[in-house]
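K.L.:
Mind looking over this structure? Questions follow.
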Amino acid sequence: MSNLPYQDATAPLATRVADLLSRLSLEDKAGLMFHEIAPMLPGGNLLPPGSPWGVATETLIREKRITHFNVHGVPTSGSEMASWHNKLQAIAAEVGLGVPVTISTDPRHSFSDNEGALFSAGAFSQWPESMGFSAVGDLDRVEQFGDIARQEYRAVGIHAALHPQIDLATEPRWCRAGMTFGEDAAQSGAIAAAYIRGFQGASFGKHSVSTMTKHFPGGGPQLDGEDPHFTYGKEQVYPGNNFDYHVEPFKDAIAAGTRQMMPYYGQPIGTKYEEVGFGFNKGILTDLLKGELGFEGVICTDWGLITDANILGQDMPARAWGVEHLSREERIEKALAAGVDQFGGESCPELIVELVRSGRVDEARIDLSAAKLLAEKFLLGLFDEARFVDEAAADEIVGKDEFRAAGEAMQRAAIVKLKLAETGSAALPLAAGLKIYVEGIAPEYAAQLGQLVDSVADADLAVIRKAAHYDPRPGGFEALFHAGSLEYPAEEVARLVEICNTVPTIFDIYLDRAAIFPEIANAAATVLANFGANPLAFIDVLKNPQLAVGKLPIELPSSTAAVLASKSDVPYDTANPTFAYGAGL
């Protein structure tokens, strides 16, 4: 047993935290308050000095004293990421008092791949996107997912989940709707609580993954559906005076014990709150989140509120909406006053050091946040036996057969049967021996459906899989976000309708947000929707439709005019939707 209380695993948490805090320098404590991106290079290698992708990870640990990292990159194996993690921990053990590294990640169990928001599954088990969990609506299965993801994360050294994302998708055009649990507050709150229980366990400890719920107080009602990652999307609006509705799921997350909270970028327009981004907003973070809702955990900003940056080759201003005129030091000062404990996507602890040494911020305020962040590390076991992970064991746990089977079963279950042909070749279960024209399925999988033909005229059935429409945006980073019109171009609608009118057609649409396709829905014999389903999962549902039990967690509008006439903060309020919220046969 060590003579130092903070190294004694049997000592009370408060004793360990207070002892270590008293031994840390101001620079060490400031470093705790930054949560930077750390790319994982092929082979589990760290970002080296001189890389165009940013400051070397080892430099951030040794010189900046940063010990929280958001891992980017999709591993080919569990051992690859475990090796990367262990390299970081070995470096951190040599620096100062050896404060261990905490690794976080955006979601990485699904189908989408957007380096600004989430990663494809890679070596991990693969599940539908978040809306798929709501489509199924089975809280036990949601908790099962959280428990499986927890095991996979901890096996590779991931200790914190930058999710769940429980914004409400009340604005159909918003590009991040697919990462939510839909647009119903009660449903989203219930799913969020089960999700958190799965990741954190019955009690929070060395086997848990800490959840950072986002984006408080709800990032769904964006002006014109645009996203506040970008200057044109910084305004969050409430034409239906429905601010409180968007807060409801966060109450469930807090009751379930979420450890951390991330405010979004947007600035509230026309409410009682100051019209500055939520990360700078004392009324939102201190008065509402801490005061009214009683949240006592870590508050970490979304990424890049303080410093301008170049992201994937695109120059991006800091998302300091409403406080663009402030210096970087003034932005940090305002965020600290608002109640922020940690700055995401930033690596400038020297600014906090200067604020304290100049007398503008009291060191006791820094101690308050540093103590919360240290407590998380102690509870997660990072100062004890959980500091390093077993690289060989990671390969046995990550993506193991039973985990993959559970994910694929959820992919099938989340498929929504919106319209079913009662008779004919498009009726389910699919008949054998049909001549089938296919779009959107690789030939090696499509061959399992029947005899493939190249021409619609030669087919007994057409099977078409498409993703919801979006308007491509420019730039390396901006292009990753699916925004703009919800309608397919007129010529594509005409082409698909012609196919439907020529031969009975099964139309399956991947919904990473809402879609407008009434003409296609009317012309197709059978219409399905998915939230991420691999070809085999989809084919299984065509052969055994009882596997699909999904209900729509969002409505699918009938026209752009209906969307424009609706209120961004009000759920399921577009006129005469093609498919209503909760639809599913």
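K.L.:
Any residue at all in segment 130-143 that is assigned to a loop (DSSP other than H, G, I, E, B) and open to solvent by 10 Å² or more (accessible area, probe 1.4 Å)?
P.N.:
The first filter runs over segment 130-143 and keeps only residues assigned to a loop (DSSP other than H, G, I, E, B), leaving 137-138.
Still in the running and open to solvent by 10 Å² or more (accessible area, probe 1.4 Å): 137-138.
Taking every residue of segment 130-143 in turn, at least one turns out to be assigned to a loop (DSSP other than H, G, I, E, B) and open to solvent by 10 Å² or more (accessible area, probe 1.4 Å).
K.L.:
Here is a follow-up. Within segment 371-393, track down each residue that is touching a helix residue (DSSP H, G or I) at 6+ places or on another chain (Cβ under 8 Å), part of a helix (DSSP H, G or I) and closer than 21 Å to Thr211 by Cβ.
P.N.:
Ala371, Leu373, Leu374, Ala375, Phe378, Leu379
K.L.:
Same structure again: For segment 343-370, give me the residue count where each residue is part of a helix (DSSP H, G or I) and either of a type outside the set (A, V, I, L, M, F, W, C) or open to solvent by 40 Å² or more (accessible area, probe 1.4 Å) (or both).
P.N.:
Of segment 343-370, the ones part of a helix (DSSP H, G or I) are 349-357, 363-370.
Those still in the list that are either of a type outside the set (A, V, I, L, M, F, W, C) or open to solvent by 40 Å² or more (accessible area, probe 1.4 Å) (or both) too: 349-350, 354, 357, 363-365, 367-369.
Counting residues in segment 343-370 that are part of a helix (DSSP H, G or I) and either of a type outside the set (A, V, I, L, M, F, W, C) or open to solvent by 40 Å² or more (accessible area, probe 1.4 Å) (or both) gives 10.
K.L.:
Only one of these is touching an Asp or Glu at 6+ places or on another chain (Cβ under 9 Å) and more than 23 Å from Pro52 (Cβ to Cβ): Thr301, Thr286. Name it.
P.N.:
On the way: Thr286 fails: touching an Asp or Glu at 6+ places or on another chain (Cβ under 9 Å).
Within the list Thr301, Thr286, the selection yields Thr301.
K.L.:
Any idea which of Gln187, Gln151 is part of a helix (DSSP H, G or I), open to solvent by 10 Å² or more (accessible area, probe 1.4 Å) and under 26 Å from Leu486 (Cα atoms)? If you could, list the steps in order and put the result at the bottom.
P.N.:
Working: Gln151 fails: under 26 Å from Leu486 (Cα atoms).
Going through Gln187, Gln151 in turn, just one is part of a helix (DSSP H, G or I), open to solvent by 10 Å² or more (accessible area, probe 1.4 Å) and under 26 Å from Leu486 (Cα atoms): Gln187.
K.L.:
Additional query: When only residues in segment 519-543 that are over 23 Å from Thr180 (Cβ atoms) and in contact with a Pro (Cβ under 6 Å, 6 or more places away or on another chain) count, which is least open to solvent (accessible area, probe 1.4 Å)?
P.N.:
Selected residue: Ala525.
K.L.:
Right, here's the next one. Might you let me know whether segment 329-336 holds any residue that is outside any strand (DSSP E or B), without any contact (Cβ under 8 Å) to a residue 24 or more places away in the chain, out of contact with any Lys or Arg (no Cβ under 6 Å at 6 or more places or on another chain) and of a type outside the set (Gly, Ala, Ser)? Walk me through how you get there before you give the answer.
P.N.:
So the first thing to find is which residues in segment 329-336 are outside any strand (DSSP E or B), and the list is 329-336.
Okay, now just the ones that are also without any contact (Cβ under 8 Å) to a residue 24 or more places away in the chain, so 330.
Then keep just the ones that are out of contact with any Lys or Arg (no Cβ under 6 Å at 6 or more places or on another chain); that gives 330.
The next check asks that each one be of a type outside the set (Gly, Ala, Ser); those that pass are 330.
Yes, the conditions are met somewhere in segment 329-336.
K.L.:
Test of understanding: among Ala494, Ala447, which residue is open to solvent by 50 Å² or more (accessible area, probe 1.4 Å), of a type in the set (A, V, I, L, M, F, W, C) and touching a helix residue (DSSP H, G or I) at 6+ places or on another chain (Cβ under 9 Å)?
P.N.:
On the way: Ala447 fails: touching a helix residue (DSSP H, G or I) at 6+ places or on another chain (Cβ under 9 Å).
Only one candidate passes the filter, namely Ala494.
K.L.:
Considering segment 36-56 alone, what residues qualify as being open to solvent by 40 Å² or more (accessible area, probe 1.4 Å) and on the phi > 0 side of the Ramachandran plot?
P.N.:
Pass one, segment 36-56, residues open to solvent by 40 Å² or more (accessible area, probe 1.4 Å): 37, 41-43, 45, 48-50, 52-53, 55.
Listed by number, the residues that qualify are Gly43, Gly50.
K.L.:
Turning to a different aspect of this structure: Based on what the data block shows, is Gln126 in contact (Cβ under 8 Å) with a residue 40 or more places away in the chain, assigned to a helix (DSSP H, G or I) and either among the polar types (S, T, N, Q) or surrounded by fewer than 23 Cβ atoms within 10 Å (Cβ to Cβ) (or both)?
P.N.:
Against the criterion (in contact (Cβ under 8 Å) with a residue 40 or more places away in the chain, assigned to a helix (DSSP H, G or I) and either among the polar types (S, T, N, Q) or surrounded by fewer than 23 Cβ atoms within 10 Å (Cβ to Cβ) (or both)), Gln126 does not qualify.
K.L.:
Another question, then. Out of all the residues in segment 57-99, which are within 20 Å of Leu26 (Cβ to Cβ) and open to solvent by less than 30 Å² (accessible area, probe 1.4 Å)? Write out each step before concluding.
P.N.:
Here is the first cut: in segment 57-99, the residues within 20 Å of Leu26 (Cβ to Cβ) are 59-68, 92, 95-99.
Scanning segment 57-99 gives Leu60, Ile61, Ile66, Thr67, His68, Ala92, Val95, Gly98, Val99.
K.L.:
Can you tell me which residue is farthest from Phe124 (Cα to Cα) among those in segment 68-77 that are in contact (Cβ under 8 Å) with a residue 60 or more places away in the chain and out of contact with any Gly (no Cβ under 6 Å at 6 or more places or on another chain)? I'd like the intermediate steps shown before the answer.
P.N.:
Of all residues in segment 68-77, those in contact (Cβ under 8 Å) with a residue 60 or more places away in the chain come to 68, 70-71, 75, 77.
Those still in the list that are out of contact with any Gly (no Cβ under 6 Å at 6 or more places or on another chain) too: 68, 70-71, 77.
Details: His68: 22, Asn70: 17, Val71: 15, Ser77: 8 Å.
So the residue we want is His68.
K.L.:
Which number in (1) surrounded by fewer than 24 Cβ atoms within 10 Å (Cβ to Cβ); (2) in contact (Cβ under 8 Å) with a residue 12 or more places away in the chain; (3) under 30 Å from Asp244 (Cβ atoms) marks the one condition that Leu564 misses?
P.N.:
Of the numbered conditions (1) surrounded by fewer than 24 Cβ atoms within 10 Å (Cβ to Cβ); (2) in contact (Cβ under 8 Å) with a residue 12 or more places away in the chain; (3) under 30 Å from Asp244 (Cβ atoms), the odd one out for Leu564 is (2).
K.L.:
Taking only segment 457-491 into account, find how many residues are surrounded by 14 or more Cβ atoms within 10 Å (Cβ to Cβ), over 35 Å from the mean Cα position of the chain (by Cα) and more than 12 Å from Ala524 (Cα to Cα).
P.N.:
Going through segment 457-491 one residue at a time, the tally reaches 2.
K.L.:
Something else: Among the residues of segment 284-298, is there at least one that is within 30 Å of Ser25 (Cα to Cα) and at pLDDT below 95?
P.N.:
Scanning segment 284-298, I find no residue that is within 30 Å of Ser25 (Cα to Cα) and at pLDDT below 95, so the answer is no.
The values are calculated or read from the model by the stated rules, or taken from the named source; none is laboratory data. Bear in mind that the values here come from a model prediction, so they are computed numbers and not experimental data. With ideal geometry, Cβ positions are generated from the backbone for all residues, glycine too; neighbour counts draw on all protein chains shown. Ligands, DNA and RNA are stripped out before the accessible areas are found, and what is left, the full protein with its side chains, is counted by its heavy atoms. Shrake-Rupley method; radii C 1.70, N 1.55, O 1.52, S 1.80 Å.
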